[in-house]
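Before any comments, here is the structure.
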Amino acid sequence: MKRKVVLLFSVISFILFVGMGWLGVKSVARRLQVSHMEARFGAADSAVRHGQMQAAGRGYKGALQAWQQVLKYGGYYPILSGEYLIAGNCFQQQRQPRAALKCYEKGLTYDPVSISLLTTLGGCAFRLGEYDKAFSALQKSRSIFPLKKNVRPFWKKLNKVNRGAERCVK
């Protein structure tokens with residue numbers, strides 16, 4: 001009887017060991033792809049500052065390819081909203097604003113009070129003509145951090161658009 005208990009305990013321990021090892025490998029692979037994406041994005045931004053637009057385009061494209069790999073991996077590392085911010089910014093640079101908007105929205109599910117995500121979501125929605133979404137995101141951003149300077153131009157334009165829409169409804 002004792003041998004059966006020891007054997008059962010050994011089998012359960014082995015299964016747990018293999019399962020945790022698999023989860024660990026997936027987690028490290030995910031984090032590695034996130035680091036790769038961040039590095040490619042940083043290099044692309046640097047290329048833009050130096051006027052090397054072709055290199056920047058390749059960098060953003062490479063960052064998005066790394067992002068596609070990130071989405072395939074699970075693991076026990078927490079999902080950070082910054083990953084979605086970088087992916088959204090890459091989509092913006094690749095002139096895919098709808099995909100960028102989806103990234104920003106998904107990132108807000110993990111960090112609903114991220115000023116960076118709220119302001120970029122507001123700016124992106126504004127450029128797409130989705131003024132209600134832009135207004136609500138920037139209003140929330142403003143309530144969290146009222147002095148965010150890069151929001152003010154959008155905020156002024158949205159206030160004008162919203163006041164014009166209210167007059168049309170009345």
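The values are calculated or read from the model by the stated rules, or taken from the named source; none is laboratory data. This is a predicted model, so every value here is computed, not measured. FYI the Cβ positions are ideal-geometry reconstructions off the backbone, even for glycines, and counts take in every protein chain you see. The accessibility values were calculated without ligands, DNA or RNA, using every heavy atom of the protein model including side chains. Shrake-Rupley method; radii C 1.70, N 1.55, O 1.52, S 1.80 Å.
In the full protein context, region 1-145 carries 62 Å² of accessible surface per residue, based on a 1.4 Å probe and ignoring ligands, DNA and RNA.
Per residue, the average separation of C-alpha pairs within less than 8 Å and at least 6 apart gives the chain a relative contact order of 15 percent. Of the residues Gln92, Gln52, Gln33, the one that moves most in a GNM of the chain with alpha-carbon contacts below 10 Å is Gln52. Protein-only accessible surface at a 1.4 angstrom probe places the residues Ile86, Ile144 in the order Ile144, Ile86, largest first. On the basis of the beta-carbon distance and an R0 of 30 Å, Lys156 and Tyr110 show a calculated FRET efficiency of 0.50. Surface composition of the chain: carbon plus sulfur atoms contribute 62% of the solvent-accessible area (1.4 Å probe, protein chains only, all chains present).
With the whole protein complex present, Lys61 retains an accessible surface near 120 Å², based on a 1.4 Å probe. Relative contact order of region 1-62, taken over Cα pairs closer than 8 Å and 6 or more residues apart, is 23 percent. For region 74-147, the relative contact order comes to 25 percent (Cα pairs under 8 Å, sequence separation of at least 6).
Here, P(r) means the percent of Cα pairs in each 10 Å bin from 0 to the largest distance; for region 63-125 it is 24, 55, 20, 1. In the chain, the longest principal axis of the Cα atoms and the axis of helix 81-93 are about 50 degrees apart.
Among the listed pairs Lys102/Lys157; Lys72/Lys140; Lys4/Lys26, a Cα-Cα separation exceeding 27 Å is found for Lys72/Lys140; Lys4/Lys26.
The calculated Kirkwood hydrodynamic radius for the chain is 18.6 Å, given to one decimal from all distinct C-alpha pairs.
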